[in-house]
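A short worksheet on the structure shown next.
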Amino acid sequence: MRLVYLETATPGLQWFKHYYAQRPELNWLAALITLRAAIATLKDNPYSGRQFDDLENVYEQKLSRTAFSLLYTVKNDTVYVIDVRDQRGRRSAAALRAHTKELRQKYHL
């Protein structure tokens, strides 16, 4: 299984990096290791996340010991990351709207 970050995931990924860069008391390396472990899990077991907010074919994989998670969908042999979600905020709504309108057509999801 391969993993692809959709364009909608870029702001969330940037926020994830910025969040840890601005907080030296937090362990950036541990967060990065957790992100990589979640990616490996999704590649091996793409349906390991839970369904997100009753949205059809949208799942959430939490990043342990962080406030972040991956929102994603699966099509054929690919996991498409819709957003790197800060679970404390609501920014993912915009990513999900873009995913629904534009990216589903572009990637035939």
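Among (1) surrounded by 13 or more Cβ atoms within 10 Å (Cβ to Cβ); (2) under 14 Å from the mean Cα position of the chain (by Cα), there is one condition residue 40 misses while meeting the rest; what is its number?
Result: residue 40 fails condition (1) only.
Of all residues in the stretch 68-93 being in a loop (DSSP other than H, G, I, E, B) and in contact (Cβ under 8 Å) with a residue 40 or more places away in the chain, which is surrounded by the most Cβ atoms within 10 Å (Cβ to Cβ)? Before the answer, list the steps.
In the first step, residues of the stretch 68-93 are kept if they are in a loop (DSSP other than H, G, I, E, B); the result is 76-77, 87-91.
Remaining after also requiring in contact (Cβ under 8 Å) with a residue 40 or more places away in the chain: 77, 91.
On the way: 77: 8, 91: 14.
In this case the residue turns out to be 91.
Which is of a type in the set (D, E, K, R) and at pLDDT 90 or above, of 53, 44? Lay out the reasoning, then the answer.
On the way: 53 fails: at pLDDT 90 or above.
Within the list 53, 44, the selection yields 44.
Taking residue 87 as meeting all but one of (1) modelled with pLDDT of 90 or more; (2) farther than 11 Å from residue 8 by Cα, write down the number of the exception.
Status for residue 87: all satisfied but (1).
Starting from the stretch 1-13, keep only residues that are loosely packed, with under 15 Cβ neighbours inside 10 Å, then list their pairs with residues that are part of a helix (DSSP H, G or I) and at pLDDT 90 or above whose Cβ atoms are within a distance under 6 Å, requiring at least 6 positions of separation or different chains.
If the second residue must be part of a helix (DSSP H, G or I) and at pLDDT 90 or above, the pairs left are 1/43.
The values are calculated or read from the model by the stated rules, or taken from the named source; none is laboratory data. In this text the structure is predicted, and so the values were computed from the model without any measurement. Heads up, the Cβs are rebuilt from the backbone with ideal geometry, glycines too, and the neighbour counts pull from every protein chain shown.
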